[in-house]
Every structure is written in structure tokens, then in C-alpha cells.
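The values are calculated or read from the model by the stated rules, or taken from the named source; none is laboratory data. Keep in mind the model is a prediction, meaning the values are calculated, not measured. Methodologically, a virtual Cβ is constructed for each residue, glycine included, from the backbone with ideal geometry; neighbour enumeration extends over all protein chains shown.
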Amino acid sequence: MYFRRTSDVLEEDGIDPGIVMEIIAASLPDRWAVFCGLNDAAALLEGVPADMDAMPEGSIFYPGEAVVRISGRCLDFAALETATLGILCHAAGVTSAAAHIQVAAAGRSTPSARAASTRRSPP
């Protein structure tokens, strides 16, 4: 609703500023995390006239470090902020947890488990 109202006001006033959305993890549950989800985020923005610059998939990042920058016109992509953040946070969270388990295992073999899905979806 917030983005819809913002878009309505900007459109009514004939304003569509150029903006840069910078995605930064202000804090993390551990000292570092693994950046993941770039392909899904890019797919969400496919066809949107905006430029995305991101660290490579699989990169280690630290609190306060920008992982993605998206620039363009506000009305073109600002409403996709929440979905973009959700995609990246979920993917990075799952990937980072797995990486921390591997580090904690310190070379020992770890049993694998089959997961049906990490996303909730209706049947």
C-alpha cells in the first residue's frame, strides 16, 4: 500500500525522480554471509527499465556492505523493493546457513538431507 500511495502522489504531481536503491545488510546473524538469489531478483526486474549492479553470486559479504545497487526512475521499480529484498534475503539466508554448517564441520563429512522445498507455496 505504501508504494502504491507513493506512486499515486508522484504521478499526480508529475514527478518521477531518478533513484538508486542500495541493498545492504545492516546486521547479520553471523560475521559473514553468502550472496545468493541474484538470478531470481534479475528475473523479477526483467523488462523494467533499470540498471542493476551486484556482487557476483556466491560472494562472501559482511555487515554494512552493499550487495546490490539498482538505479532508474522511481515509478519504474520502487514498488518491487519488498519482493526484491524477500528474494535476496531468503536465498542468502539458506545459502549462508549451509555454508556455516560446512565451515563448522571443518572437513568432516556432513550427512545430506533431502528437502522438499524451502519456500511455502499452496499445494
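Here is a yes/no grid of residues against (1) among the aromatic types (Phe, Trp, Tyr); (2) at pLDDT 90 or above; (3) under 30 Å from residue 97 (Cβ atoms):
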{"position": "6", "(1), (2), (3)": "no, no, no"}
{"position": "9", "(1), (2), (3)": "no, no, no"}
{"position": "35", "(1), (2), (3)": "yes, yes, yes"}
{"position": "38", "(1), (2), (3)": "no, yes, yes"}
{"position": "44", "(1), (2), (3)": "no, yes, yes"}
{"position": "49", "(1), (2), (3)": "no, yes, no"}
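Any chance you could count how many residues in the stretch 80-91 are touching a residue at least 60 places away in the same chain (Cβ under 8 Å) and crowded, with 16+ Cβ neighbours inside 10 Å? Reasoning before the result, please.
Here is the first cut: in the stretch 80-91, the ones touching a residue at least 60 places away in the same chain (Cβ under 8 Å) are 81-82, 84-85, 88.
Now restrict to residues that are crowded, with 16+ Cβ neighbours inside 10 Å: 84, 88.
Final tally of qualifying residues: 2.
Mind checking whether some residue in the stretch 27-34 is basic (Lys, Arg), over 20 Å from residue 71 (Cβ atoms) and in contact (Cβ under 8 Å) with a residue 40 or more places away in the chain?
Here is the first cut: in the stretch 27-34, the residues basic (Lys, Arg) are 31.
Retained after the next criterion (residues that are over 20 Å from residue 71 (Cβ atoms)): 31.
Still in the list and also in contact (Cβ under 8 Å) with a residue 40 or more places away in the chain: none.
Among the residues of the stretch 27-34, not one is basic (Lys, Arg), over 20 Å from residue 71 (Cβ atoms) and in contact (Cβ under 8 Å) with a residue 40 or more places away in the chain, which makes the answer no.
When the residues of the stretch 68-123 are filtered to those that are of a type in the set (Lys, Arg) and not in a loop (DSSP other than H, G, I, E, B), which remaining residue is modelled with the lowest pLDDT? Break it down into steps so the answer makes sense when it comes.
Residues of the stretch 68-123 that are of a type in the set (Lys, Arg), as a first pass: 69, 73, 108, 114, 119-120.
Okay, now just the ones that are also not in a loop (DSSP other than H, G, I, E, B), so 69, 73.
Numbers: 69: 97, 73: 93.
For the stretch 68-123, the residue satisfying everything is 73.
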Going through the stretch 40-67 one residue at a time, which ones are assigned to a loop (DSSP other than H, G, I, E, B) and in contact with an Asp or Glu (Cβ under 9 Å, 6 or more places away or on another chain)? 48, 49, 55
Does residue 77 satisfy being in contact (Cβ under 8 Å) with a residue 40 or more places away in the chain and not aliphatic (A, V, I, L, M)? yes
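Taking the conditions exactly as written (of a type in the set (Ser, Thr, Tyr) and within 16 Å of the chain's Cα centre (by Cα)), does residue 27 satisfy them or not?
Details: of a type in the set (Ser, Thr, Tyr): yes; within 16 Å of the chain's Cα centre (by Cα): yes.
For residue 27, the condition - of a type in the set (Ser, Thr, Tyr) and within 16 Å of the chain's Cα centre (by Cα) - is met.
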Return yes or no: is residue 22 assigned to a loop (DSSP other than H, G, I, E, B) and over 22 Å from residue 101 (Cα atoms)? no
